[in-house]
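To start, the structure itself, in structure tokens.
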Ligand SMILES: [Mn+2]
């Protein structure tokens with residue numbers, strides 16, 4: 001009866017086709033078939049920054065359509081609330097990603113979402129479930145070979161690294177604000193007959209120390225993991241995919257989907273690997289060019 005109402009003539013010459021398609025549930029980029037996906041035990045991704053132009057949605061969609069896992073950790077900064085608050089930006093591709101994550105949870109993948117600092121608005125939902133997705137402040141993951149890993153976004157350590165805290169803001173609007181402040185500071189200095197002093201130049205000089213900063217960050221995170229008595233730690237936040245052993249503690253960073261486009265995966269036997277998705281796409285294209293059937297390549 002309801003169906004005939006939707007499909008019927010409204011009596012005013014308007015056909016029901018003008019009615020929105022209430023059954024539409026497909027993403028704008030159609031999902032690729034499930035059978036050809038690589039299977040992993042666990043997948044970790046973070047720093048996707050949905051809601052910003054920086055997010056590499058196309059590559060992430062390709063990744064999600066190529067890979068499946070029993071468990072998936074979303075290690076923070078998935079949605080960039082900071083930028084969205086300033087300027088609303090939400091292309092269809094970003095819905096396609098959310099659609100794929102919800103669909104994956106529905107199909108049975110255990111998804112644990114650990115909000116980061118850019119999506120800290122979701123931290124208030126810690127302990128709750130959303131479309132089958134568990135929201136946690138941090139998690140402990142047991143690998144197939146019996147290692148225990150602490151999983152967290154990693155902004156927790158910004159406070160420990162106070163002297164470098166400004167780095168969290170570089171590349172963001174605050175950097176521009178800082179340059180504005182620079183002009184203001186110098187107007188005051190000029191009025192006081194003091195020489196020009198460049199705040200942004202100092203910041204740029206500090207960027208050169210980024211390598212040193214990253215190294216120090218990794219040590220701080222690994223030390224915190226050691227104090228917790230775990231075998232290792234998985235985090236994101238600094239947009240630098242990495243695997244290091246620090247005083248017997250494994251440090252893993254799953255990178256980001258803004259520049260690097262990396263994911264961390266665990267194979268069935270517990271072996272872990274950082275995937276660089278642009279490289280994986282290039283390898284796939286090369287294999288296709290050589291006329292290899294992907295099924296054959298997979299079986300090899
Ligand atoms: Mn972050």
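What follows is calculated from the coordinates using simple rules that are stated; it is not laboratory data. Here the structure is a predicted model, which means the values were calculated and not measured. All Cβ positions, glycine included, derive from the backbone under ideal geometry; neighbour counts span all protein chains shown.
Computed on the Cα atoms alone, the convex hull of segment 58-108 gives a volume of 85 cubic angstrom per residue.
Counting every C-alpha pair in segment 82-165, the share spaced more than 18 angstrom apart comes to 60%. In terms of surrounding Cβ atoms within a 10 Å radius of their Cβ, 73, 113, 89 rank from fewest to most as 89, 113, 73.
Computed over Cα pairs, the Kirkwood radius of segment 111-154 leads via Stokes-Einstein (0.890 mPa s, 25 °C) to a diffusion coefficient of 220 µm² per second. Segment 23-84 and segment 256-288 have Cα centres separated by 13 Å. Please state, as a whole number in µm²/s, the translational diffusion coefficient that the Stokes-Einstein equation yields for segment 15-119 at 10 °C and 1.306 mPa s, with Rh defined as the Kirkwood radius across alpha carbon pairs. Rounded to a whole number, D works out at 107 µm²/s. Compactness of segment 27-88, taken as the C-alpha radius of gyration over 2.2 N^0.38 Å, stands at 1.27. The fewest-to-most ranking of 213, 19 by surrounding Cβ atoms within 10 Å reads 19, 213. Here the residues 235, 55, ranked from fewest to most Cβ neighbours within 10 Å of their Cβ, fall in the order 55, 235.
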